[in-house]
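Encoded as structure tokens, the structure appears first; notes follow it.
The values are calculated or read from the model by the stated rules, or taken from the named source; none is laboratory data. These figures come from a predicted structure and were not determined experimentally. Here the Cβ positions follow ideal geometry from the backbone for every residue, glycine too, while neighbour counts run over all protein chains shown. In case anyone asks, the SASA skips ligands and DNA or RNA and just uses the protein heavy atoms, side chains included. Shrake-Rupley method; radii C 1.70, N 1.55, O 1.52, S 1.80 Å.
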Amino acid sequence: MLQKVSVGRKDLNLYRGVVGDELIDEIIDLAKELKGYRFAHINSTPFGGGVAEILASFIPLLQSVGVDIEWRVIFGDRQFFDITKGFHNGLQGADFSLTKQVQERYMGNLLFNARQLPHHYDLITINDPQPAALPYFIPHSKTKWVWRCHIDMAKPNRQVWDFLRPFIEHYHLAIFTMSAFEPPDLDVAIDIITPAIDILSTKNMGMPLDFAKKVIANQGVDIHKPLLLQVSRFDPWKDPMGVVKTYQLIKQEYKGIQLAFVGSMSQDDPQGWQMFADISEASLKDPSIYIFTNVTGVGNLEVNAFQRASTIILQKSIKEGFGLVVSEALWKQTPVVAGKAGGIVLQMHHELGDYLTETIEETAKKVCHLLKNPGLAQELGAIGKKQVMEHFLMPRMIKQELEAYITLLQRSR
Ligand code: UDP
């Protein structure tokens, strides 16, 4: 059977003090309408990356209001995940050689996974391209299928998209993060739901600044010098080498500046190890560049501390899905300078929009401006927190997802 991810317990009612009773009561009413139905979310990794981050909160929060929902992950070997990372990159526009062998390997793996999937669910949400062909192998089930796409597919590689599109058109609904991400020729019902963060999780919960500083000092960072941080998977779209070059430019003016990468490895992203090796090589030449990973014990608590105790957070993405890390940083009132890409633009509007950049030079310039004006940096941090509070908290997303489920299930009655 497909591996079920153990999520522990959370309580949506704890959000009453944050978002008010009305929204939580609405969610509880929606959950009541879904009594008796069984749901699952499926993706390709239980840790590392935004989807796993969302599900780790979304699933137990829904369970806490009585929704019968589980999270399962597909099996895959190195070769399969090399292929699906190629699909992921291809759907975001990169080149990919889609040979017959690649197609057969993908299909063979998903046929195996389809046989391992329990058949009792009324509605299954499949996340991203890795498991996308699953419903194709379960053609006569009564299950409603939702494809939850977290990436920017506006200009997909034609070959990859022509191969995957017929599978996606098996779904009853596709959910995208923003309408700009929809591929041009997809014939399926579409909904737009923006992701969100769980501010009560270990990664985002309140933490005194002096404690955060102690945590990062324990990792070897000098807390008396300014620190730039990028938290992300080691992925070409997150442009880690561009971050190093940005830092090197800033260092010409700020000799004491430090740079930390906090990067996660995930089961479905074999490309991460190569990128990690490349950045490690660059960092060996400069003792003020630090690289930390989940593999060596930098987990949610440490990420929380780094996001609070850094001077400025970079997210130099060239292409981005939503970019949860931006809301995580803004929630902690740390100013962010980020690539003008995908969902980052949604999260950084008004005054924060001035810190969206497209080149290394521009990024360095904006960072230097904030280093020179700590008062401004603080102001931006406060604006950021307010924007996250208004738009990017988990209960809003939960409500929208439940509404989508109800619409789909009622349509079938
Ligand atoms: N993350 C983490 N540890 C790391 C690096 C990243 O826990 O070392 C988390 C990060 O805090 C965020 C998620 O991974 O919650 C990344 O999500 P995002 O949407 O920013 O990017 P994705 O990986 O989905 O492209």
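When you look at Ile59, is it farther than 28 Å from Gln103 by Cα, outside any helix (DSSP H, G or I), among the β-branched types (Val, Ile, Thr) and more than 12 Å from the ligand (Cβ to nearest atom), yes or no? Here the answer is no, as Ile59 does not meet what is asked. With respect to the conditions (1) open to solvent by 20 Å² or more (accessible area, probe 1.4 Å); (2) under 20 Å from Leu2 (Cβ atoms); (3) over 18 Å from the mean Cα position of the chain (by Cα); (4) touching a residue at least 40 places away in the same chain (Cβ under 8 Å), Lys155 falls short on a single one, namely (2). Only one entry in Val325, Val298 is open to solvent by 10 Å² or more (accessible area, probe 1.4 Å), near the ligand (Cβ under 7 Å from one of its atoms) and either in contact (Cβ under 8 Å) with a residue 12 or more places away in the chain or of a type in the set (A, V, I, L, M) (or both), namely Val325. Pairing residues of the stretch 215-243 that are over 28 Å from His88 (Cα atoms) with residues that are basic (Lys, Arg), at Cβ distances under 7 Å and at least 6 apart in sequence or on separate chains, gives Ile223/Lys213.
Here's the yes/no breakdown for (1) surrounded by 23 or more Cβ atoms within 10 Å (Cβ to Cβ); (2) part of a strand (DSSP E or B); (3) more than 16 Å from the ligand (Cβ to nearest atom):
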{"position": "Asp191", "(1), (2), (3)": "no, yes, yes"}
{"position": "Thr194", "(1), (2), (3)": "no, no, no"}
{"position": "Leu200", "(1), (2), (3)": "no, no, no"}
{"position": "Gly206", "(1), (2), (3)": "no, no, yes"}
{"position": "Ala212", "(1), (2), (3)": "no, no, no"}
{"position": "His224", "(1), (2), (3)": "no, no, yes"}
{"position": "Leu229", "(1), (2), (3)": "yes, yes, no"}
{"position": "Lys245", "(1), (2), (3)": "no, no, yes"}
{"position": "Leu249", "(1), (2), (3)": "no, no, yes"}
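Scanning the stretch 354-413 for residues that are touching a helix residue (DSSP H, G or I) at 6+ places or on another chain (Cβ under 8 Å) and not in a helix (DSSP H, G or I) gives Leu356, Thr357, Phe392, Leu393. If you go through the stretch 328-343 and keep only what is surrounded by fewer than 24 Cβ atoms within 10 Å (Cβ to Cβ) and over 14 Å from Lys386 (Cα atoms), you end up with Lys340, Ala341. Would you confirm, using the coordinates I've provided, whether Ile291 is touching a strand residue (DSSP E or B) at 6+ places or on another chain (Cβ under 9 Å) and either under 22 Å from Ala196 (Cβ atoms) or within 15 Å of the ligand (Cβ to nearest atom) (or both)? The answer is yes for Ile291. Of the residues in the stretch 162-173, at least one is part of a helix (DSSP H, G or I), more than 18 Å from Thr407 (Cβ to Cβ), open to solvent by 60 Å² or more (accessible area, probe 1.4 Å) and among the acidic types (Asp, Glu). Just one residue in the set Asp77, Asp25 is within 30 Å of Leu186 (Cα to Cα) and surrounded by fewer than 21 Cβ atoms within 10 Å (Cβ to Cβ); that residue is Asp77. Sub-8 Å Cβ pairs linking a first residue in the stretch 54-74 that is of a type in the set (Ser, Thr, Tyr) to a second residue that is open to solvent by 20 Å² or more (accessible area, probe 1.4 Å), at least 6 apart or interchain, are Ser57/Lys10; Ser64/Arg9; Ser64/Lys10; Ser64/Asp11; Ser64/Asn13, ordered by first then second residue. When the stretch 7-51 is filtered for residues that are among the β-branched types (Val, Ile, Thr), within 28 Å of Pro129 (Cβ to Cβ) and outside any loop (DSSP other than H, G, I, E, B), the ones remaining, listed by number, are Ile42, Val51. Here Phe47 meets each of (1) under 29 Å from Met394 (Cα atoms); (2) open to solvent by less than 60 Å² (accessible area, probe 1.4 Å); (3) within 15 Å of the ligand (Cβ to nearest atom) with one exception, condition (2). Taking the stretch 308-350 as the range and being among the aromatic types (Phe, Trp, Tyr) and out of contact with any Ser or Thr (no Cβ under 9 Å at 6 or more places or on another chain) as the test, only Trp331 passes.
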